[in-house]
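Rule-based calculations on the coordinates, nothing more; no lab input. None of the values given here were measured: they were computed from a predicted structure. We place every Cβ from the backbone using ideal geometry, glycine too, and count neighbours over all the protein chains shown.
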Amino acid sequence: MRQLSRRSFGKQTMKWWGALSILTALNFPQTVSAFMNRMKENEFLKREDLSDALKSLFITYDSTRPYPHKFNETISKAQLRSLEFCISKRLEKEYVEHYISTMEPLLQRIKRWIEKEGPEKGLFGMFEGTTCSYQLFERINIKKGERSFPCPYKGMLENCKKYLGTFTIEWRDVCYKWCIPTWSGFAKKTGIKLEINPGEECRVKLANK
């Protein structure tokens with residue numbers, strides 16, 4: 001993998017951005033003016049750690065040995081390690097209960113949203129509305145009453161088994177001993193019911209009461 005310093009990455013990024021800005025300004029001066037004003041007001045663009053974030057993302061996806069790496073693999077791999085331990089000790093039920101209990105403040109906030117705006121807010125709060133999900137799932141497809149997303153664990157578990165050789169849990173264990181009971185627990189705490197269909201593309205729907 002090519003070595004990429006923070007300084008060189010930042011300079012290259014600014015070079016690309018500068019060229020793009022000039023071309024855009026020549027063709028759409030009014031658009032550029034409005035965009036530059038938005039940039040000055042946008043808190044995201046004011047962050048001083050953006051170059052580090054972009055560098056990290058670039059280096060991650062530039063790394064393809066022994067398999068193509070992704071932005072979410074540290075989270076998914078850490079969860080698999082925890083599940084490997086808990087399932088081997090037959091503590092998966094207690095693990096799920098503990099996790100749900102640590103999420104109590106967030107779940108109570110989601111419950112208030114639901115009471116005020118309806119059950120759709122429950123799906124929002126569990127998925128695209130929280131960093132816990134959009135830092136884990138590569139994408140979240142949003143439909144009324146339904147969310148779907150690629151499973152972040154299947155491929156990573158296969159890689160862990162192939163290259164580490166220290167994992168014994170099965171993908172089914174992750175689905176039925178972690179994902180389904182956790183989301184069902186969230187739903188119970190927030191007062192909604194869910195229909196959960198695990199798979200390479202997971203689907204979570206609001207169920208009819």
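Among 45-54, 152-161, what's the highest-first ranking by average C-beta atoms within 10 angstrom per residue? Don't skip to the end; give the middle numbers.
Numbers: 45-54: 11.0, 152-161: 19.5.
Top to bottom by mean Cβ count within 10 Å: 152-161, 45-54.
Are any of the pairs LYS116/LYS188; LYS89/LYS193; LYS116/LYS193; LYS46/LYS143; LYS121/LYS188 more than 21 Å apart by Cα-Cα distance, and if so, which? Don't skip to the end; give the middle numbers.
Working: LYS116/LYS188 17 Å; LYS89/LYS193 30 Å; LYS116/LYS193 17 Å; LYS46/LYS143 32 Å; LYS121/LYS188 14 Å.
Beyond 21 Å between Cα atoms: LYS89/LYS193; LYS46/LYS143.
Subtract the Cα-Cα distance of ARG109 and ILE140 from 0.36 nm times their separation in residues, and report this length gain in nm to one decimal. If you can, show how the numbers build up before the last one.
Working: separation 31, 0.36 × 31 = 11.16 nm, distance 2.12 nm.
The span from ARG109 to ILE140 would gain 9.0 nm if fully extended.
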